[in-house]
Ligand code: AMP
């Protein structure tokens, strides 16, 4: 596996086998099996896969969150090597932000108005700024994004369409721990009791979905029931539970099975903020 640390090394790697289709997996490191499933998906659809590891400051709206972000670079490199990943890109801030740590402006077609966009000002601008800079430098044929960050995936698809980036965005399903907790680099910051409680996010949402009676329950009532059940778990404090149209990410007032709809949740579990989402229909 090649370790690419400069734009020149990246240019050299790209030029070696130009005919090869390149798959790109952007990450912030602290890799877990969920990330590795994205790498495998990329390997299955492309000729060579490049993973970036970069903790992007412009998408953190809280300095303490950025400072607390785990760094497990040695283990990350070993895991990627073991998977047969072709290259890992380890850029500096200077390479990605030659004019300083600033975000670009985007037309997200209102996809950023709800959920993470509402609660974390500047988060998606920062994320889209670094991802489009990666597209510019790497010129991948495919880029794989996890449905774990469903709003991020939707926003990147919108940016690619709107700005005409010649890259295919490939979604990857959510990878979960055995007890259902969505894998996340943040999970390692949970204390043992909190880790146990965190499994209730998936348990409560999935049980409530399986019992949902669409004729008798409104989206708001369903979200309220989930919120109440989650808030009853000792370490959990709900930020939001929301039933949204899977395409527009607007909250729905009535269930309509003709339109794909998901339930989205963000909770504070101890000191750690966790998000998850599941399809309703
Ligand atoms: P991150 O390092 O958190 O920025 O994540 C890098 C990529 O991995 C993003 O596209 C995430 O959506 C994806 N990802 C993170 N956790 C999971 C998971 N549990 N299942 C699937 N994809 C994931």
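The values are calculated or read from the model by the stated rules, or taken from the named source; none is laboratory data. If you're wondering where the values come from, they're calculated on a predicted model, not measured in any experiment. Counting neighbours? That spans all protein chains shown, and the Cβs are built from the backbone with ideal geometry, glycine included.
Determine, yes or no, whether residue 211 is at pLDDT 95 or above, assigned by TED's automatic domain parsing to the domain that holds residue 249 and farther than 26 Å from residue 76 by Cβ. Judged against the criteria, residue 211 is a match. Against the conditions (1) surrounded by fewer than 18 Cβ atoms within 10 Å (Cβ to Cβ); (2) within 25 Å of residue 162 (Cα to Cα); (3) within 14 Å of the ligand (Cβ to nearest atom), where does residue 50 fall short? Just the number, please. Exception for residue 50: condition (1).
Take the residues in the stretch 34-47 that are outside any loop (DSSP other than H, G, I, E, B) and out of contact with any helix residue (DSSP H, G or I) (no Cβ under 9 Å at 6 or more places or on another chain), then tell me which one is nearest to residue 121 (Cα to Cα). Here the residue is 38.
Which of the following residues is in a strand (DSSP E or B), within 25 Å of residue 22 (Cβ to Cβ) and assigned by TED's automatic domain parsing to the domain that holds residue 32: 82, 128, 143? 143 is the lone residue from the list that is in a strand (DSSP E or B), within 25 Å of residue 22 (Cβ to Cβ) and assigned by TED's automatic domain parsing to the domain that holds residue 32.
At pLDDT 95 or above, out of contact with any strand residue (DSSP E or B) (no Cβ under 6 Å at 6 or more places or on another chain) and within 13 Å of the ligand (Cβ to nearest atom), is that true of residue 40? It is true that residue 40 is at pLDDT 95 or above, out of contact with any strand residue (DSSP E or B) (no Cβ under 6 Å at 6 or more places or on another chain) and within 13 Å of the ligand (Cβ to nearest atom). Is the stretch 77-87 home to any residue that is over 24 Å from residue 122 (Cβ atoms) and without any contact (Cβ under 8 Å) to a residue 40 or more places away in the chain? Scanning the stretch 77-87 turns up at least one residue that is over 24 Å from residue 122 (Cβ atoms) and without any contact (Cβ under 8 Å) to a residue 40 or more places away in the chain. Scanning the stretch 245-271 for residues that are in contact with a helix residue (DSSP H, G or I) (Cβ under 9 Å, 6 or more places away or on another chain) and exposed (fewer than 13 other Cβ atoms within 10 Å of the Cβ), we see that the one that is farthest from residue 151 (Cα to Cα) is 254. What do you reckon, is residue 101 assigned to a helix (DSSP H, G or I), closer than 27 Å to residue 87 by Cβ, more than 16 Å from the ligand (Cβ to nearest atom) and touching a residue at least 40 places away in the same chain (Cβ under 8 Å)? Judged against the criteria, residue 101 is not a match. Selection within the stretch 1-33: residues that are in a helix (DSSP H, G or I) and over 15 Å from residue 88 (Cα atoms). The member of this set that is nearest to the ligand (Cβ to nearest atom) is 33.
Residue 55 - would you say it is assigned to a loop (DSSP other than H, G, I, E, B), assigned by TED's automatic domain parsing to the domain that holds residue 17, within 17 Å of residue 25 (Cβ to Cβ) and within 13 Å of the ligand (Cβ to nearest atom)? Against the criterion (assigned to a loop (DSSP other than H, G, I, E, B), assigned by TED's automatic domain parsing to the domain that holds residue 17, within 17 Å of residue 25 (Cβ to Cβ) and within 13 Å of the ligand (Cβ to nearest atom)), residue 55 qualifies. Where strands (runs of 3 or more DSSP E) fall wholly inside the stretch 166-281, the ranges with 3 or more residues that are touching a residue at least 40 places away in the same chain (Cβ under 8 Å), within 30 Å of residue 24 (Cβ to Cβ) and within 16 Å of the ligand (Cβ to nearest atom) are 261-269, 272-279.
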